[in-house]
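Got a structure for you, written out below as structure tokens; questions coming shortly.
The values are calculated or read from the model by the stated rules, or taken from the named source; none is laboratory data. It should be emphasised that the depicted structure is a prediction, and the values quoted were computed from it without experimental measurement. Every residue, glycine as well, gets a Cβ built from its backbone with ideal geometry; the counts of neighbours run over all protein chains shown. Heavy atoms of the whole protein, side chains included, go into the accessibility calculation; ligands, DNA and RNA do not. Shrake-Rupley method; radii C 1.70, N 1.55, O 1.52, S 1.80 Å.
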Amino acid sequence: MKKHTEARFEDAIEACLLEKHFYEQGISNEFDTEKSLEPQRVVRFVQTTQPKVWSALEKIHGEGTPNLIVDTLAKELNTRGTLKVLRHGFKCYGKKIKMAFFAPNNNKNEETWALYKNNILSVTRQLYYSNLHRNSLDVVLFLNGVPIVTMELKNELSGQDVEHAKRQYKHDRDPKELIFEFKKRTLVHFAVDTQLVFMATRLNGDKTFFLPFNKGCNHGAGNPESQNDSYKTSYLWE
């Protein structure tokens, strides 16, 4: 029952992201556990959105260009942090590489909108994120190959709820592992069941602090009934 009910919950989230929001479906094997990145999507994003930069680096480094960019990105994330790299990009052998394009304020520049639409969003279920063990995360969201969101899901029909997800983050997720290291990779961690959502921006064992990420109901806590026969927490992925 546990696996069945939680799998259905994951199915609903994944289906919405893939079909409504045009995420790509990732698989755990695409994830480099040492660098905590999806190298193939990193490379594809740079090739597609910044061909002149790619060409200039390739003339010098040839077949080693993909590894060079991914290795440099990993080092920049480790030293400067995910937010700074996503906002400002990084330099690779003197060439500026952007790792995200943000929506422009108006519709005047079609080229800017085209770059924004070339961001690669992907969702991976059951991500095995370490070489040290076989622990997996229920859902991880990526932007251009960089992991930015983790989610632990519980379905009350399985006998577990959002409090179990919180405890999982506190006791079963080592904050020293790269994917969880504060500022270096993922930006937020969601504990989710069909009724409630909580979020933490920093994992710190028992000291991990979760904030409610709920809409409120009748001037109180929690969430209202969904209007489309979905889960109460469907606003999170919708």
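Of everything in the range 122-167, what is surrounded by fewer than 21 Cβ atoms within 10 Å (Cβ to Cβ) and among the β-branched types (Val, Ile, Thr)? Give them in sequence order.
If the condition is that a residue be surrounded by fewer than 21 Cβ atoms within 10 Å (Cβ to Cβ) and among the β-branched types (Val, Ile, Thr), then Ile148, Val149 are the ones that fit.
Show the residue pairs that are 6+ apart or on different chains and have beta-carbon atoms under 7 Å apart, the first residue being within the range 13-37 and in contact (Cβ under 8 Å) with a residue 60 or more places away in the chain, the second being part of a loop (DSSP other than H, G, I, E, B) and of a type in the set (D, E, K, R).
Close Cβ pairs satisfying both conditions: Cys16/Glu238; Gly26/Glu38; Glu30/Glu38; Phe31/Glu38; Ser36/Arg185.
Moving to a separate point now. Can you find a residue in the range 203-210 that is under 22 Å from Gly159 (Cα atoms) and either out of contact with any Gly (no Cβ under 9 Å at 6 or more places or on another chain) or buried (at least 19 other Cβ atoms within 10 Å of the Cβ) (or both)?
Looking for residues that are under 22 Å from Gly159 (Cα atoms) and either out of contact with any Gly (no Cβ under 9 Å at 6 or more places or on another chain) or buried (at least 19 other Cβ atoms within 10 Å of the Cβ) (or both), one finds at least one in the range 203-210, hence yes.
Just to check your reading of the model, which residue among Thr65, Thr5 is free of Cβ contacts under 8 Å to residues at least 12 places away in the same chain and buried (at least 16 other Cβ atoms within 10 Å of the Cβ)?
Of Thr65, Thr5, the one residue that is free of Cβ contacts under 8 Å to residues at least 12 places away in the same chain and buried (at least 16 other Cβ atoms within 10 Å of the Cβ) is Thr65.
Would you check which residues across the range 164-223 are at positive phi and in contact with a helix residue (DSSP H, G or I) (Cβ under 9 Å, 6 or more places away or on another chain) and list them?
Lys183, Gly205
What are the residues in the range 203-213 that are without any contact (Cβ under 8 Å) to a residue 40 or more places away in the chain, more than 17 Å from Ile13 (Cα to Cα) and not in a strand (DSSP E or B), if any?
If the condition is that a residue be without any contact (Cβ under 8 Å) to a residue 40 or more places away in the chain, more than 17 Å from Ile13 (Cα to Cα) and not in a strand (DSSP E or B), then Leu203, Gly205, Lys207, Phe209 are the ones that fit.
Confirm whether Ala56 is open to solvent by less than 70 Å² (accessible area, probe 1.4 Å), part of a helix (DSSP H, G or I) and within 20 Å of Phe190 (Cβ to Cβ).
Judged against the criteria, Ala56 is not a match.
Here's another thing I want to ask about it. Among the residues of the range 211-238, write down those that are open to solvent by 30 Å² or more (accessible area, probe 1.4 Å), under 24 Å from Thr82 (Cβ atoms) and either in contact with a Pro (Cβ under 6 Å, 6 or more places away or on another chain) or of a type in the set (Phe, Trp, Tyr) (or both).
Listed by number, the list holds a single entry, Phe213.
For Thr72, are the conditions met, namely being touching a strand residue (DSSP E or B) at 6+ places or on another chain (Cβ under 8 Å) and open to solvent by 20 Å² or more (accessible area, probe 1.4 Å)?
yes
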